[in-house]
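The values are calculated or read from the model by the stated rules, or taken from the named source; none is laboratory data. Being a predicted model, the structure only gives us computed values, none of them experimental. Virtual Cβ from ideal backbone geometry, glycine too; neighbours counted across all protein chains shown.
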Amino acid sequence: MTKFMVIPTSKNLDRFLGADAFLFGMKDLCINFGTTYTLEEIKAYQKKYPTHDIFISVNKNMRNEDLEHLKEVLIEVETMGVKGIFYYDISVVELKKELNLKTDLVWHQEHLTTNYATCNYWYTFGAIYTCLSNEITISEIKDICKRIHGKVILPVFGYIPMFTSARHVVDNYITQMKLERKEGMHYIKKEGYTYPIVDEKHGTTVYSSFILNSLEELPTLKEEKMDYFLLNSFGIDSLVFEKVLELYKNITKENQRDMMKKFEALKLHTDSGFLYKETIYKVK
């Protein structure tokens, strides 16, 4: 049975206890996480919530100066018994091999996890899990699930990181234009759409103008070879997210219409993303 994994955006996890698993962004080694956590904090959560699966993300592009700290973190994580480590930079794969680490990896290069052949390639290097891209159709997802050697994690709900820049785009603009500096989320409006922007220590990330929502497709997706559905609470009120998680966990083909009505009552701006939109490349 497919489990539900949540990316929390709070140090208080009580609102997320309906999940089966937590994905924690590792402090100083991750991007696109509203909240990051230290190893000590994650160890405390393991003791407090022993029935929940724990995953850790180190998904930033690593610099030379990051490697020693990354190595120390990976060695320590090896003793913690976590389910898997999300990675983007290939240095994580190399360190796993160099240090003979046993903890499973999760291939999470968002725009590249789009086909079963490459998933199976990284599987041979210890990436037992693949977190699939948000940019493929539902038919492509089903095809990958049939052909993949490893395990599948599918993002089904949350704002989508569109791109990340190492430059501090917002902070530089505010400084250059001598504007008042405000803490928290920034927004840019373009062609009638509003995009959340976060400028933090490791750069600037622009998120989708909508929340990805796959609730209607979930009864069908539950029939596939899927290990975890991933829901991201970033930018969403915790009370609302708690209701969303409950709907996702309980929707079936039989109660689908009723569940969709309850979801619509939450008045979230959502979209099905690329689930029904094929990407077509044209050569001019």
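Couple of notes before you dig in:
- Condition met for Thr38 (in contact with a strand residue (DSSP E or B) (Cβ under 9 Å, 6 or more places away or on another chain), over 20 Å from Gly235 (Cβ atoms) and modelled with pLDDT of 95 or more): yes
- Test: residue in the stretch 144-151 that is closer than 18 Å to Gly34 by Cβ and of a type outside the set (A, V, I, L, M, F, W, C): no
- Which numbered condition Phe33 fails, given (1) surrounded by 21 or more Cβ atoms within 10 Å (Cβ to Cβ); (2) aromatic (Phe, Trp, Tyr); (3) touching a Phe, Trp or Tyr at 6+ places or on another chain (Cβ under 7 Å): (3)
- From the list Thr103, Thr113, the one residue that fits, being in contact with an Asp or Glu (Cβ under 6 Å, 6 or more places away or on another chain), part of a loop (DSSP other than H, G, I, E, B) and either polar (S, T, N, Q) or closer than 26 Å to Tyr207 by Cβ (or both), is Thr103.
- Hits in the stretch 237-258 (condition: out of contact with any strand residue (DSSP E or B) (no Cβ under 7 Å at 6 or more places or on another chain) and either among the small types (Gly, Ala, Ser) or crowded, with 20+ Cβ neighbours inside 10 Å (or both)): Ser238, Phe241, Ile251
- The residue of the stretch 1-12 that is nearest to Lys225 (Cα to Cα), among those that are within 17 Å of the chain's Cα centre (by Cα) and surrounded by fewer than 22 Cβ atoms within 10 Å (Cβ to Cβ), is Thr2.
- The stretch 93-114, residues that are farther than 14 Å from Asn59 by Cα and surrounded by fewer than 17 Cβ atoms within 10 Å (Cβ to Cβ): Glu94, Lys97, Glu98, Leu99, Asn100, Lys102
- Test: residue in the stretch 67-78 that is surrounded by fewer than 18 Cβ atoms within 10 Å (Cβ to Cβ), modelled with pLDDT of 95 or more and closer than 30 Å to Ser208 by Cα: no
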